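A short worksheet on the structure shown next.
Values in this text are rule-based calculations from the coordinates and carry no lab data. All of these numbers come straight from a predicted model, not from anything done at the bench. Counting neighbours? That spans all protein chains shown, and the Cβs are built from the backbone with ideal geometry, glycine included.
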Number of protein chains: 4
Amino acid sequence: MNTTNKLRTMTMLCLATIFYSTGTLASDPSACTPSKWGPDDQIGAANLVTPERTLQAMKLVKQGISHPLGIVIGPKTPAFPPRSMALQVVSPGQQNGRSLEGDFGWNITYNDDLAQLWFGIGSQIDGFGHLGEGGMYYNCNDARDFVTVSGLNKLGTHNIPPIVARGVVVNMAKHKGVDALAGGQPISSAEIRAAAAAQGVEFREGDVILIHTGWTDAKLDSAPQEWNTTQPGLTNEAAAWLGDQNPVAVGADTSGVEVVPPAEGDRIFYGHVELLAKRGIYILETMNTGRLAREGVREFLFVLGQARIQGAVQMIINPVAMW
Amino acid sequence: MNTTNKLRTMTMLCLATIFYSTGTLASDPSACTPSKWGPDDQIGAANLVTPERTLQAMKLVKQGISHPLGIVIGPKTPAFPPRSMALQVVSPGQQNGRSLEGDFGWNITYNDDLAQLWFGIGSQIDGFGHLGEGGMYYNCNDARDFVTVSGLNKLGTHNIPPIVARGVVVNMAKHKGVDALAGGQPISSAEIRAAAAAQGVEFREGDVILIHTGWTDAKLDSAPQEWNTTQPGLTNEAAAWLGDQNPVAVGADTSGVEVVPPAEGDRIFYGHVELLAKRGIYILETMNTGRLAREGVREFLFVLGQARIQGAVQMIINPVAMW
Amino acid sequence: MNTTNKLRTMTMLCLATIFYSTGTLASDPSACTPSKWGPDDQIGAANLVTPERTLQAMKLVKQGISHPLGIVIGPKTPAFPPRSMALQVVSPGQQNGRSLEGDFGWNITYNDDLAQLWFGIGSQIDGFGHLGEGGMYYNCNDARDFVTVSGLNKLGTHNIPPIVARGVVVNMAKHKGVDALAGGQPISSAEIRAAAAAQGVEFREGDVILIHTGWTDAKLDSAPQEWNTTQPGLTNEAAAWLGDQNPVAVGADTSGVEVVPPAEGDRIFYGHVELLAKRGIYILETMNTGRLAREGVREFLFVLGQARIQGAVQMIINPVAMW
Amino acid sequence: MNTTNKLRTMTMLCLATIFYSTGTLASDPSACTPSKWGPDDQIGAANLVTPERTLQAMKLVKQGISHPLGIVIGPKTPAFPPRSMALQVVSPGQQNGRSLEGDFGWNITYNDDLAQLWFGIGSQIDGFGHLGEGGMYYNCNDARDFVTVSGLNKLGTHNIPPIVARGVVVNMAKHKGVDALAGGQPISSAEIRAAAAAQGVEFREGDVILIHTGWTDAKLDSAPQEWNTTQPGLTNEAAAWLGDQNPVAVGADTSGVEVVPPAEGDRIFYGHVELLAKRGIYILETMNTGRLAREGVREFLFVLGQARIQGAVQMIINPVAMW
């Protein structure tokens, strides 16, 4: 059974076996996890970005190479529905041979661009306002309190300070001896540990941990729909284990870091709760890790400054890897 | 006469004295400047980002401090007309107490965000497709050839590699003994040289040069309309001189780096031609330099990875300064 | 106390005296009103548009005059927050003197337009998916069942058949001897009856009833913020009484038909429940009734064909009045 | 050769035989046609809507039937590139069981909708600012004078008064004995005259003339790409001839009224020039004429009130046909 069919079957089983409820959602404050950085904290593991760690991370740049971890995003880039993007370039006042010389006093010509887009498309950072459980988000923030239609009142991605960190890559594809893991192929913490050990990767507090599966390089262009509806990735347990290593962020070269469809007994996308809501750890999606994998890069300097749109839930990003 | 009135008067003089023409625009290829990086080059001074310079720049990080050079952008952030932005946060399938448990199998809750915005708002990088003269842009690219309504075919900002560079700040406000220069106050190359000399700032090829005027800290919140219609900044001559220092990018804590209204005899915004079109040097607008000025930071590591939207003219950015 | 202050005071009283609850919303199916047009009905009083009534309404056109009941809507048109609109006109492929002759074989020139807008701006029809009580909308439709982020699954305005009806105008401003009622001035059913009687207006089943207050002509341009935050209009009781006359639609030359702030003891905007949810009667907002009032038009042919965007909640409209 | 291949071949022939020029476009004022309604006229044949004609048109309503001439438009509705539409429904303040009772004082629930769309999608009216020749539009308006990126300064569709007219349908499919004409099948004025004569349709000044080809009913759902890239329709000569009958508007059940690919020797879409630019006659695209054809309706009352967005080029419409 191929992965697409597996997903369809799985989805049907879900609908058949789970009691379908539109019943009233009840947030349960007792179920949430207070942040170890205090009740007012909004930035979570970004607190781990310290001068000491920054100075250590600088030392990882030995060759002077820099690399964009963001992919190029266009109108056909697949995304979780109904996310999409459209761009328009305009040349104000320059239609049909009209010159701006009369307006500006010299023969200026210029273009501007506007877009209609969802920020959760392509390479992106998930802020803590993106996903929670039972209405409760990071640090016991209740969706009823901080969400407004015009932006988040708390947990907006504009709050995230620059993430400057030691980056590490675990190459799961290489560990399995393939170019790319398969859609639906789960990655357990035991496998991550084994791959890391084999590849000489050590996890430290404050790291940015990236998992290379080969999925995006293999599928994004050639099979975009498959890329978008299934993927290899973390089991719930692996997400929790990675979170327990106290990184600043966990990412992968897939659109959601977790395996889809979920592993047997797992909750779909529940790794988001383990990382974002319970531990205040950022998620980095669709990271462009191919070159790092090919060149055997295991450690690097990671620098991310995301566009600071007030109250945004997520943000399209292009972190820079340097080694 | 205050600056707003001055601008109005100036604008009227412009309209009165300049022969208003809607005459046909004629691109003059002979007037354009071929790139020193060859006829196919699209990235200009980003070619100056080299392993050697990157390794040198790393050494500037001595304290381990990182700082966002991007400001927070919201729906009220002023911008060159008709640029604007709007954001919406949605909670799909979670209206009126509807639970997603039936759809996902557990009590997931999530928010997504969409936006309608122009990329030339707030802190931004101007790509080479933004501004030219007589229809000719960087490296003799003719607007008629590379502009489409759905994106640029060449010179898109998604092409720009990570800009990792030595950053320097020239504090013009301190040099003049003020918190902020005045709207319409021109900055000449002689003044930049004098300030740099007094502050111990040396310019090197491949730098990112930032000019601190104090303008954004002084006016953006308190007088947004004034902030947006006038500003201190570079004369045409100063822009050319800065370009001749061969930086990767020139930026300022103003929305357009040049003085507005322009200095006597100058062309408004012509510094964009000197930098973008003639020399292939990027422009960084509305840089958040206040902290650097206050703390006397003169040199720093500059890292920019802009979101890679295909064919975009400009991009909202948040470069990271580290020292 | 002027109306703005009154509104502010009223709002504060509300917040002070009402138990503020973010408690779980519980839809109460027993509280909803089944439609008299059957459990599957989605169009409510549009069922009253019949061949007989249409033929009768045609007879109201005696002079051959036609008039747009929609106002002109632009980017500065005030609206219930955060509703807004923006328009861009583009001239694809025609920048900087580029000719389309090579693409099309002749010297074609053209413009297109795109917009980012909320459909609840300016002259608009409220569909039955716009407003309900306790999560229940028209015909006992539960918001949890028919709302999706990409459109309504039921009750979308694209379903509304052409509304061809007898239109009547009650001129409340004339009845009170003023050009325009004041913001916050309530209109009771007794006053409507008295005005109608004095003006010779009779209500019949299947009518479109418009209330002229003079508010939009008086305030939209001169005091847009006041226009948008207060208005004269129906009391809860008047809305219910009008609904009991069995019209197809009730409208006014105000943005929400009800008085804002609400009358003593009333619920703000509760007329929407009386009309939309309980009775399946459409609401027409910001109707351009000034000319009808000035010319003493009391009866007219009303024809509305709204743009049919699938799953829309509301729609910008421009019904045609003919007499 | 099927129509899609024919179109591709035709396009290649075009590109091969036409001298490709990006040369400077020169507007030639001498080539434009002044309006017979005077140099200041902006509404063209809408001047033909008179009380007399309106009263005559009312008499066409004999059965009391009304019918929407607009189709339902959704995110998958094909359109001339890059036109598109997207809709979002939001439930402000009602996420995750949040109640608005604290904000409004009662258990109000509501939805709003926003959209990002091009107005030239689905059933639409082309305003006179949509298409011209050599930069000149209706009534010798030069694109350089009336087009701005934020809207048209003249010829905006918000200016169009209600179009109340006698409507006539010519059923070309029936005349050819088919359900639908083929893509690329041209319709000449001789064929229109023959069909009209056979069907007892007479053209009068001030009419709205609709051509039924069967194309949209046959192809829109079943073959959307074919629907959008080829179509039966008017030859250049037929468009001119129809224009010479002095209608208010000419429409069809296709996306552009003209045949695509164009007839031998014709200019593609040049019927737009004949109607809009030379004669001030509106074009109505993708009219929902199927029911009229099936029921043999030849004459009807046509009423159009388009949403009045300031400075728009086109507008999505839903005219009402009554008979």
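Let me know the mean shielding of B:53-60 by other chains, meaning the per-residue number of their Cβ atoms within 10 Å of its Cβ. Before the final figure, lay out the partial values.
On the way: counts 1, 8, 6, 1, 4, 9, 2, 1.
Mean shielding by partner chains, rounded to a whole number: 4.
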Cα long-axis angle, helix A:189-199 against chain A (0 to 90 degrees, to the nearest 10): 70
Using the Karplus curve 6.51 cos²θ - 1.76 cosθ + 1.60 with θ = phi - 60°, work out ³J(HN,Hα) for each residue of the stretch A:268-281 in order, rounded to whole Hz, and write x for Gly and Pro. 5, 6, 6, x, 4, 5, 4, 8, 5, 6, 7, 10, x, 10
Excluding same-chain residues fewer than 8 positions from D:Lys62, which aspartates and glutamates have a Cα within less than 15 Å of its Cα? C:Glu52, D:Glu295, D:Glu299
Chain C, Gaussian network, Cα under 10 Å: of C:Gly243, C:Gly151, C:Gly129, the residue fluctuating most is C:Gly151
Just D:Glu264, D:Glu52, D:Glu101 to compare: in a GNM of chain D, with alpha carbon springs under 10 Å, which one fluctuates most? D:Glu101
Output ³J(HN,Hα) for the stretch B:105-121: one whole-Hz value per residue in order, computed from phi by the Karplus curve 6.51 cos²θ - 1.76 cosθ + 1.60 with θ = phi - 60°, and x for Gly and Pro. x, 8, 7, 5, 9, 8, 10, 10, 9, 10, 8, 10, 8, 9, 7, x, 9
For a label point 7 angstrom out from the Cα of B:Ser222 toward its Cβ, which stretches of the stretch B:276-307 have the backbone nitrogen within less than 20 Å? B:286-295
I want to verify a result. In a Gaussian network model of chain A, Cα cutoff 10 Å, which of these has the top mean-square fluctuation: A:Leu100, A:Leu87, A:Leu292? A:Leu100
Distances from A:Lys36 to the same residue in each other copy, label points 7 Å out along Cα→Cβ, in nm, shortest first? 5.2, 6.6, 8.4
For chain D, build the charge dipole from Cβ charges (+1 Lys, Arg; -1 Asp, Glu) around the Cα centre, then report which of D:Trp118, D:Gly206, D:Leu181 sits farthest towards its positive end. D:Leu181
The simple spin-label model distance between C:Arg294 and D:Glu52, using points 7 Å out along Cα→Cβ, in nm, is 2.6
Separation of the C:Ala197 and D:Lys76 label points, Cα + 7 Å toward Cβ, nm: 5.8
On C-alpha positions alone, give me the angle between the axis of helix C:3-17 and the longest principal axis of chain C, in degrees, nearest 10. 70
List, shortest first and in nm to one decimal, how far the label point of D:Glu205 (7 Å from Cα along Cα→Cβ) is from its counterparts in the other copies. 4.5, 7.7, 9.0
Hits among aspartates and glutamates - C-alpha to C-alpha of A:Lys76 under 15 Å, sequence gap 8 or more where chains match: A:Asp221, A:Glu226
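If you put +1 on each Lys and Arg Cβ and -1 on each Asp and Glu Cβ, how big is the dipole of the protein assembly as shown around its Cα centre, in Debye rounded to 20? Please report the intermediate quantities before stating the final value.
Numbers: 96 positive and 120 negative charges, 3 e Å.
It comes to approximately 20 debye.
Kindly state, to the nearest 0.05, the FRET efficiency for B:Ser188 paired with B:Asp244, given R0 = 22 Å and r defined as their beta-carbon distance.
Numbers: r = 14 Å, r/R0 = 0.63.
Efficiency, from the Cβ-Cβ distance: 0.95.
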Per-residue ellipticity at 222 nm attributable to helices in chain A (runs of n ≥ 4 DSSP H, -39500 (n - 2.57) apiece, nearest 500 deg cm²/dmol) works out to -5500 deg cm²/dmol
Once amide H atoms are placed 1.01 Å from N in the peptide plane, what residues at a sequence separation of 5 or more from C:Gln185, or on another chain, have their amide H within under 5 Å of its amide H? C:Gly233
Distance between the stretch A:245-323 and the stretch A:209-226 - C-alpha centres, whole angstrom: 14
Ordered shortest first, which distances in nm separate the 7 Å Cα→C-beta label point of C:Asn47 from those of the other copies? 4.9, 6.1, 7.5
For the stretch A:63-109 and the stretch B:167-203, what is the separation of their C-alpha centers, rounded to whole Å? 32
If you draw the axis that swings chain D onto chain A, which residue of D has its Cβ closest to it, and how far is that in whole Å? D:Gln116, 2
